[in-house]
Amino acid sequence: MFLPMKTTFPTATRTTLSALMISAGVLFAPAMAGLAPAAQAASSSVAGLPDFADMVEKVGPAVVNIRTTERLKLQNAPGQVDADEMQEFLRRFFGGQIPTPRGPQGQSPRGRRNAPQQGDEVQRGIGSGFITSPDGYILTNAHVVDGADEVYVTLTDKREFKAKVLGADTRTDVALLKIEGSKLPSLTIGDSSKIRVGEWVVAIGSPFNLENTVTAGIISAKSRDTGDYLPLIQSDVAVNPGNSGGPLINMRGEVIGINSQIATLSGGYNGISFSIPIDEAMRVADQLKKSGKVARGRIGVRIGELGKEVAEALGLKNTQGAEVTLVEPGGPADKAGIKAGDIIIKFNGVPVNRSSDLPRMIGSAQLDSKATVTVWRKGQQVDLPVTVVELDNEKTAKAGSVDKPDVANALGFKVSDLTAAQKKELSLDAGVVVVAAEGAAARAGLQAGDVLLQLNNIEIRDAKQFNAAVAKLDPKKSHVVLVRRGDVAQFVSLRPAPSSK
């Protein structure tokens with residue numbers, strides 16, 4: 001739980017502090033006087049804070065307030081009578097109408113004139129945005145305009161325009177708007193790949209509908225994994241509801257991000273905010289401008305994080321890479337020979353540092369192009385050519401079935417061989433079915449029906465070979481088993497029970 005901090009001092013303490021400050025000033029001035037002019041300037045530069053006034057005055061007019069509205073679609077609750085129907089009922093049978101309560105000034109607080117009617121336009125939300133070109137293209141967040149029937153844009157000179165939403169991409173939270181105009185103030189697009197942690201930045205927007213509000217801070221971190229397809233910029237710039245869609249600007253007056261999210265326990269700003277890198281946002285905006293949608297690539301795999309114990313057991317030096325937990329039957333990865341249990345370590349020669357990097361790499365790849373996927377398989381690197389196709393709803397493999405038990409081993413498994421029918425149904429060449437799990441296997445959450453595909457870097461062919469391999473494991477070390485459950489395959493770390501011999 002985060003609480004606001006407020007520091008106060010007793011009167012006596014404040015007096016003492018003031019005296020100390022005055023004394024410090026008296027002592028400090030002569031010391032500064034003895035410095036050379038260059039040294040004085042350097043000291044002043046280090047001690048001073050940046051002045052944003054000139055920059056804000058220049059870029060401020062290109063930041064806009066966005067107001068969205070929706071048309072009411074009123075529906076009567078079950079059994080509720082429409083007001084018009086009630087008036088007609090009274091006219092026919094009683095020759096009158098429902099008396100309306102009046103306020104002290106004769107007004108009708110609940111009268112039908114003030115009641116919202118079908119099709120009435122009501123305010124839905126507020127946000128911010130910024131003009132990227134003099135002919136009226138505007139960037140904002142997708143969530144700012146989501147569900148709106150009308151979008152209105154207000155400039156700092158109070159001119160208001162009705163905007164057209166050219167497209168919105170919910171995965172990146174980017175939307176592109178267009179207003180009719182010319183020679184409009186616009187912002188210079190910067191390069192978010194060159195930002196540095198610690199540099200000063202400014203946010204301009206309409207928090208709580210307070211238009212043209214400026215806040216400042218520093219970049220706290222880069223490439224923060226809070227976005228689906230985007231690594232976000234983290235800063236300590238104050239961002240609140242209404243700031244969404246506004247620009248994050250560097251000291252050169254260039255846009256480097258779109259303010260999008262906050263980390264909060266209260267619903268308001270708690271010291272951390274996140275922005276969409278402008279490089280990624282502009283790529284999305286270009287596609288929205290051309291077609292109104294964003295096309296992304298896929299290869300037909302599901303991936304997971306690579307754990308330290310799994311990486312060590314597979315002979316990898318670190319946890320960089322993405323573990324393949326599912327391969328879509330008949331998909332691009334399946335046709336390329338990628339298998340569940342492979343660790344994807346490179347895509348087109350670029351290292352996959354984190355599993356979250358891979359969807360971004362594949363998503364931004366050119367559709368229908370050939371890409372080289374480098375996987376770690378059984379202690380070796382393997383390069384596989386795969387075709388990148390357009391992202392859609394991926395198909396999944398069918399679940400396996402269970403056969404009778406065969407033998408038990410030190411990992412706590414009782415397994416049996418896969419039948420020919422099971423191999424065909426699961427699209428597998430080898431593996432064993434878990435019939436019972438106890439000991440280490442049970443503690444790891446494994447259960448009957450799971451299919452075991454690999455032990456460390458060794459492919460599991462059948463129950464006899466698997467049990468023989470388990471018998472040779474070092475009980476002092478952890479080992480990993482590639483387990484498939486239903487559609488998903490995942491490495492699980494286990495430590496064998498000590499031998500009773």
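Fully extending the segment from Asp225 to Ser478, taken as 0.36 nm per residue of separation minus the present Cα-Cα distance, adds 88.2 nm.
Judged by the gyration tensor of its Cα atoms, with axes a ≥ b ≥ c, region 318-361 is prolate; a/c meets the 1.5 cut and a/b is the larger of a/b and b/c.
Each Lys or Arg adds one and each Asp or Glu subtracts one; over the other residues with Cβ under 13 Å from the Cβ of Pro134, this totals 0.
If the chain linking Met251 and Asp149 were pulled fully straight, counting 0.36 nm for each residue of separation and taking away their Cα-Cα distance, it would gain 33.1 nm.
Close amide H partners of Gly257, meaning residues 5 or more places away or on another chain with modelled amide H under 5 Å apart, are Leu248, Ile278. For the pair Lys162 and Lys424 in one chain, pulling the backbone fully straight at 0.36 nm per residue adds 88.4 nm over the alpha carbon distance.
Couplings for region 130-135, taken from phi via the Karplus curve 6.51 cos²θ - 1.76 cosθ + 1.60 with θ = phi - 60°, read 8, 7, 9, 8, x, 8 Hz in order; Gly and Pro are left as x.
Please tell me which of these pairs span more than 18 angstrom C-alpha to C-alpha: Lys339/Lys378; Lys339/Lys423; Lys58/Lys164; Lys194/Lys370?
Numbers: Lys339/Lys378 12 Å; Lys339/Lys423 15 Å; Lys58/Lys164 26 Å; Lys194/Lys370 29 Å.
Check vs 18 Å cut-off fails for Lys58/Lys164; Lys194/Lys370.
Can you tell me the FRET efficiency between Leu265 and Ser364 if r is taken as the Cβ-Cβ distance and R0 is 22 Å, rounded to the nearest 0.05? According to the calculation, E is roughly 0.05. For Leu391, nonlocal amide neighbours, meaning residues 5 or more places apart or on other chains whose placed amide H falls under 5 Å from its own, are Arg296, Gly297, Arg298.
We did not get these values from a lab; they are worked out from the coordinates using the rules stated. Being a predicted model, the structure only gives us computed values, none of them experimental. Cβ coordinates were reconstructed from backbone atoms using ideal geometry, including for glycine residues, and neighbour counts include every protein chain displayed.
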